[in-house]
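All remarks here apply to the structure that follows.
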Amino acid sequence: MSLISFVQRYVHVHTWLYGHYRAFSKLLCWDPSLQAPYHASPLEIAAKLGINEKSATAFWRHLHKTTPENMYANLVETGIQVLPLFHPLYPPLLKTIYDPPYLLYAKGNIKRLQTKKIAICGTRTPTAYGRAALATIAKPISEHSLTIVSGMARGIDGLAHEQAIRTGGATIAVLGSGFDNIYPPEHSTLFHALAEHQLLLSEYPPFVKPQRWHFPVRNRIISGLSQAVIIIEAKRKSGSLITADLALEQGRDVFAVPGPVTSAQSEGTNWLISQGAGCLYTSEALFEAMPQLLSKTGESQSF
């Protein structure tokens, strides 16, 4: 079996099954070569993948409407690289989480994946203090050749990418949509800058539009890629705290920047510190807690 043709089929089936994690898993168990579904009926597909007949029929039509070769060629023509779970450049740390993406779509400098990575997340409405704290914390991270991972969202996420670029550092954005649907739209310039010199990742095919539920799911990749997660400003009920919880479940270190007790934007970070998160009280506190980050080796193979 040709490896190239197998990757093409892998991508082809993923572009429809991207939102059906269990069905994709069952498909690989049914036929690891991914040839059987092309010769099966919708009824057999439904039975093998555990999906309803309507969904199986739609999947069957997808398989026969386009070819694996054309689907793969379209991605290559638009500068998109595909990293199946078995790809040698698939991030080792991400493989260790409970539900690693079966496929990552990548655009930009793929070598960013071979570096040590720190995630920075936070509020979409940062205060002046939060902006200053981000600049203070992020600068030494870039200076020590660590890659900043975030979600290109409004606020702290986007600012973290911009700070890395401004200081000549490396950064990776993990998106909650496909590359053809830039979100938020006001980050279009940032998106293209990241695609040209940094790295964009998504588990969603290019045509997929952003949906509200994509972002909490996306957060597991942000934390899964990283050796530690830093939260800068977050309300007590915040998506950033979801990322912190995921990081803890994945065995990652969680840090938070303390803030004024009078600020609602610091309630979440102060609470994380009260629960045992590392306190980033200075720009070097991260490296005091994790001196291994200063070694010159690339990404660890395991935790």
What accessible area per residue comes out for segment 227-276, rounded to a whole number of Å², with a 1.4 Å probe? 44 Å²
Between segment 136-167 and segment 84-123, the alpha-carbon center distance in angstrom: 17 Å
Rounded to the nearest 0.05, what FRET efficiency do THR262 and GLU196 give with R0 = 45 Å and r taken as the Cβ-Cβ distance? Could you check? 0.60
At 1.4 Å probe size, with every protein chain present, just tell me what the per residue accessible area of segment 5-73 comes to in Å². 51 Å²
Share of carbon and sulfur in the accessible heavy-atom surface of the chain [1.4 Å probe, %]: 55 percent
Place the peptides 64-70, 230-236, 46-52, 197-203 in order of packing, highest mean first, counting for every residue the other Cβ atoms within 10 Å and averaging per peptide. 230-236, 197-203, 46-52, 64-70
Note to self, the chain gives a 222 nm [θ] from helices alone (DSSP H runs n ≥ 4, -39500 (n - 2.57) apiece, / all residues, nearest 500) of -13000 deg cm²/dmol
Length-normalised contact order for segment 23-106 - Cα pairs under 8 Å, 6+ apart - percent: 20 percent
Unit charges on C-beta of K, R, D, E only; dipole of segment 93-293, Debye: 260 debye
Charge tally for neighbours of SER55 with beta carbon under 14 Å away, counting Lys, Arg as +1 and Asp, Glu as -1, is +3
Taking Cα pairs closer than 8 Å and at least 6 residues apart, the relative contact order of the chain in percent is 16 percent
Compute from the Cα atoms of segment 6-78 the Rg and the Dmax, the latter being the longest Cα-Cα distance, and quote both in angstrom. 11.6, 36
Kindly identify segment 197-240 as rounded, prolate or oblate by the Cα gyration tensor criterion: order the square roots of the eigenvalues as a ≥ b ≥ c, call it rounded if a/c is under 1.5, otherwise compare a/b with b/c, prolate if a/b is larger, else oblate. oblate
Please arrange ASP157, ASP245 by accessible surface area, largest first, computed with a 1.4 Å probe and ligands excluded. ASP245, ASP157
If each of ASP245 and ASN181 carries a label point 7 Å out from its Cα toward its Cβ, how far apart are those two points in nm? 2.5 nm
Say R0 is 45 Å: what FRET efficiency, to the nearest 0.05, do CYS29 and SER188 get from their beta-carbon distance? 0.65
Taking amide H atoms as placed 1.01 Å from N in the peptide plane, list the residues 5 or more away in sequence, or in a different chain, whose amide H sits under 5 Å from that of THR147. LYS116, LYS117, ILE118
Cα-Cα over 31 Å, subset of LYS65/LYS116; LYS116/LYS237; LYS54/LYS237; LYS26/LYS116: LYS65/LYS116; LYS54/LYS237; LYS26/LYS116
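The values are calculated or read from the model by the stated rules, or taken from the named source; none is laboratory data. Predicted model, so just to flag it, every value in this text is computed and none were measured. All Cβ positions, even for glycine, are placed from backbone atoms using ideal geometry, and neighbour counts span all protein chains on display. Only protein heavy atoms, including side chains, enter the accessible area calculation; ligands, DNA and RNA are left aside. Shrake-Rupley method; radii C 1.70, N 1.55, O 1.52, S 1.80 Å.
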